[in-house]
Amino acid sequence: MSTSGFDLSGRTALVTGAGRSVGEGIARELAAAGAAVAVNDLHADRAEAVAASIRDAGGAAVAAPFDVTDAAALDDALARVTAELGPVDVLVNNAGVPEGQRTRQFLATDESDWLLQIQLNLLGSMRVIRAVLPGQVERGWGRVVQISSGASSRGLDIGVSAYGAAKSGIEGLVRHVATEVGPSGVTVNAIALGLMENVGQRNADHLEHLVRDIPVRRLGRPSEIGGTAVWLASEYGGYVTGQVVHVNGGALNGR
Ligand SMILES: NC(=O)c1ccc[n+]([C@@H]2O[C@H](COP(=O)([O-])OP(=O)(O)OC[C@H]3O[C@@H](n4cnc5c(N)ncnc54)[C@H](O)[C@@H]3O)[C@@H](O)[C@H]2O)c1
């Protein structure tokens with residue numbers, strides 16, 4: 001039987017912030033496509049629950065709890081993941097909603113709000129990419145998938161300016177690094193998400209208002225981001241690099 005170009009058997013993936021919501025969906029779909037998945041989260045219990053349920057479904061997964069803004073913790077965790085599953089072939093940088101973040105207009109923010117976003121969405125993501133990339137280049141194959149947001153490329157009046165700025169910054173890095181490592185067989189892309197179901201769950205009374213400007217008239221599902229990540233991580237994704245793929249139901253205001 002021939003193997004699908006989407007098959008990720010034999011690949012090791014690390015998904016950050018995968019203890020719930022979007023990251024969980026990405027981890028599940030990568031595992032369903034055959035990858036062995038390291039499930040990262042700040043909260044060990046969340047990472048362990050997701051890894052256990054992937055294993056229960058017949059997939060391969062281990063929990064890899066650490067704070068992606070902590071450089072020393074990252075080094076330790078990567079050493080453990082490499083020992084347990086092998087080197088990271090596929091990195092999905094999904095952690096991007098810092099604990100304690102406040103949504104407020106720029107004029108009401110201060111440096112602590114900016115730093116919270118930059119530490120996670122820009123420096124944290126850069127640090128994980130910097131840690132896995134040398135091995136991918138050396139092995140001549142690798143995939144980096146950065147989770148971003150429509151807030152990176154459009155102005156939105158919903159109090160997310162520092163978040164949007166950090167996401168714009170990491171999309172810039174994606175474009176540059178993709179050109180640098182392209183000859184080595186490593187692709188680097190971003191997926192810019194629109195509004196996802198967990199936002200709807202937090203705003204159940206305003207669901208109609210939330211979906212009004214989304215052409216498909218519903219919110220996004222974690223599995224749909226997972227499917228996009230599988231494509232970018234797969235052999236079929238090999239000719240796509242330096243791109244920002246918008247998965248947002250066609251929303252023009254692209255949150
Ligand atoms: N939900 C949306 O509508 C939406 C829209 C656009 C973009 N996004 C992006 O999708 C990604 C996931 O968002 P979500 O809504 O699923 O978030 P979420 O808050 O539901 O889950 C994120 C997980 O990341 C973990 N996390 C937070 N900080 C971490 C850290 N420093 N180290 C490790 N783990 C950490 C949290 O513990 C949590 O379990 C983010 O990058 C976000 O910016 C989401």
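What to note about this one:
- Number of the condition not met by Ala36 [criteria: (1) among the hydrophobic types (A, V, I, L, M, F, W, C); (2) farther than 19 Å from Pro87 by Cα; (3) open to solvent by 10 Å² or more (accessible area, probe 1.4 Å)]: (2)
- The set of residues from segment 1-21 being out of contact with any strand residue (DSSP E or B) (no Cβ under 6 Å at 6 or more places or on another chain) and of a type in the set (A, V, I, L, M, F, W, C) comprises Met1, Phe6, Leu8.
- Answer from Ala47, Ala61 - the residue that is more than 10 Å from the ligand (Cβ to nearest atom) and either modelled with pLDDT of 95 or more or more than 15 Å from the chain's Cα centre (by Cα) (or both): Ala61
- Filtering segment 208-223 for residues that are at pLDDT 95 or above, under 18 Å from the mean Cα position of the chain (by Cα), closer than 23 Å to Gly34 by Cα and not polar (S, T, N, Q) leaves a non-empty set.
- For Gly25, the test of being open to solvent by less than 60 Å² (accessible area, probe 1.4 Å), within 9 Å of the ligand (Cβ to nearest atom) and closer than 18 Å to Phe6 by Cα is passed.
- Residue list for segment 90-115, filter: open to solvent by 60 Å² or more (accessible area, probe 1.4 Å) and near the ligand (Cβ under 9 Å from one of its atoms): Val97, Glu99
- Output for segment 178-227, where each listed residue is more than 16 Å from the ligand (Cβ to nearest atom), outside any loop (DSSP other than H, G, I, E, B) and open to solvent by 70 Å² or more (accessible area, probe 1.4 Å): Thr179, Glu180, Pro183, Asp205, Glu208
- Put simply, of Asp67, Asp75 the only residue that is out of contact with any Pro (no Cβ under 8 Å at 6 or more places or on another chain), within 10 Å of the ligand (Cβ to nearest atom) and at pLDDT 95 or above is Asp67.
- For segment 141-172, a residue qualifies if it is among the hydrophobic types (A, V, I, L, M, F, W, C), over 21 Å from Val230 (Cα atoms) and crowded, with 16+ Cβ neighbours inside 10 Å, and the qualifying residues are Ala151, Val160, Ala162, Ala165, Ala166.
- For first residues located in segment 200-218 and without any contact (Cβ under 8 Å) to a residue 24 or more places away in the chain, partners that are outside any loop (DSSP other than H, G, I, E, B) and open to solvent by 50 Å² or more (accessible area, probe 1.4 Å) and lie 6+ apart or on another chain with Cβ distances below 9 Å form the pairs Gly200/His206; Gly200/Leu207; Asn203/His209.
The values are calculated or read from the model by the stated rules, or taken from the named source; none is laboratory data. The model shown is predicted, which means the values in this text are computed figures rather than measured ones. Using ideal geometry, Cβ is built from the backbone for each residue, glycine included, and neighbour counts are taken over all protein chains shown. Accessible surface areas use protein heavy atoms only, side chains included; no ligands, DNA or RNA. Shrake-Rupley method; radii C 1.70, N 1.55, O 1.52, S 1.80 Å.
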